[in-house]
């Protein structure tokens, strides 16, 4: 009986882990540093390894009071930013958050940040899943 | 240049020879194409009255004669496109090596309400020695942007008062004499920009139109 209970606990833990962590991988996660408290952009490449569709809903971070998903758009030679409510990830197809396109807009620093540091940012997905990713802070040149 | 060669091969009759000669003369007069978009003569010479963020001094377009000038309009609360563009320009200028100091990147704020001189100063300095932060009154800015057909607009402020600014993405390139020459678009690479800047820097004053 003891073993069965133990097995149930283990199973329960495994299921919790499964519900919390989406089957996605994130690479090249970085934030381009800007001086003062200017909003900064976060970039990364996210790939879903799930069999079904996965939806990226946004991000949060202790280091910022607000994080939004944005997309830069250029129309007739004019650049503007648009809010993005979600990004759908097709299985096995990497989606790039990169300069001039999708990016996280990180606003209101709660701590001083310097190039070379790492900042944890939690990406939020559908079904309540989330993934904490360390973003490297680069210099203004993105190096 | 390829057009000239093709005509040479096709020449058979006296008429074609005459055509070929005139084409060769025409080819000789025309400069080879630029990698960037050539907008020579399509805009007025570099002229403005703005405040330089680094020292608060009033500066005019003519103060930059002798330098090749890259003119870009943006705002510091722009997390993505403005720093990306400035980084690209910086990268291209840095590749000029010893000649880099012959170039200035003018970053003109289209958001003077939030871009104080102090803020612009810190911002421009973070990007390096060739970036000059410039700020103007709304009236000066309007006159300047109208002259270069640069558009900008402000989005609705959110709950915290933050707002986005839409603005022209082009970078204008002026030669040492302040004449408009080239336009850098968002798809142009740093080596492309460096190559054309080298050509502009090599020009003898007064030689080009």
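Might you check whether a residue that is farther than 30 Å from residue B:158 by Cα and in contact with a helix residue (DSSP H, G or I) (Cβ under 6 Å, 6 or more places away or on another chain) occurs anywhere in the stretch B:73-83? Within the stretch B:73-83, none of the residues are farther than 30 Å from residue B:158 by Cα and in contact with a helix residue (DSSP H, G or I) (Cβ under 6 Å, 6 or more places away or on another chain).
When we screen B:149, B:181 for residues that are away from chain A (no Cβ under 14 Å) and either crowded, with 19+ Cβ neighbours inside 10 Å or in a loop (DSSP other than H, G, I, E, B) (or both), the only hit is B:181. Only residues that are assigned to a loop (DSSP other than H, G, I, E, B) and more than 14 Å from every other protein chain (Cβ to nearest Cβ) were counted across the stretch A:108-143, and they come to 6. Whether a residue is more than 13 Å from the chain's Cα centre (by Cα) and part of a loop (DSSP other than H, G, I, E, B) was assessed, and residue A:22 does not pass this test. Scan the stretch B:79-94 and give yes if some residue there is crowded, with 20+ Cβ neighbours inside 10 Å and away from chain A (no Cβ under 13 Å), otherwise no. No.
Going through (1) in contact with a strand residue (DSSP E or B) (Cβ under 9 Å, 6 or more places away or on another chain); (2) more than 12 Å from every other protein chain (Cβ to nearest Cβ); (3) in a loop (DSSP other than H, G, I, E, B) one by one, residue B:115 falls short only on (2).
Do we find a residue being assigned to a helix (DSSP H, G or I) and touching a strand residue (DSSP E or B) at 6+ places or on another chain (Cβ under 6 Å) anywhere in the stretch B:65-82? Yes, the stretch B:65-82 contains at least one residue that is assigned to a helix (DSSP H, G or I) and touching a strand residue (DSSP E or B) at 6+ places or on another chain (Cβ under 6 Å). Of the residues in the stretch B:191-198, at least one is closer than 25 Å to residue A:74 by Cα, touching a residue at least 12 places away in the same chain (Cβ under 8 Å) and loosely packed, with under 14 Cβ neighbours inside 10 Å. Among the residues that make up the stretch A:88-96, is at least one of them within 14 Å of chain B (Cβ to nearest Cβ) and surrounded by 19 or more Cβ atoms within 10 Å (Cβ to Cβ)? No, the conditions are met nowhere in the stretch A:88-96.
Each value in this text was obtained by applying a stated rule to the coordinates, not by laboratory testing. From a predicted model like this one, the values you see are computed outputs, not experimental measurements. All Cβ positions, glycine included, derive from the backbone under ideal geometry; neighbour counts span all protein chains shown.
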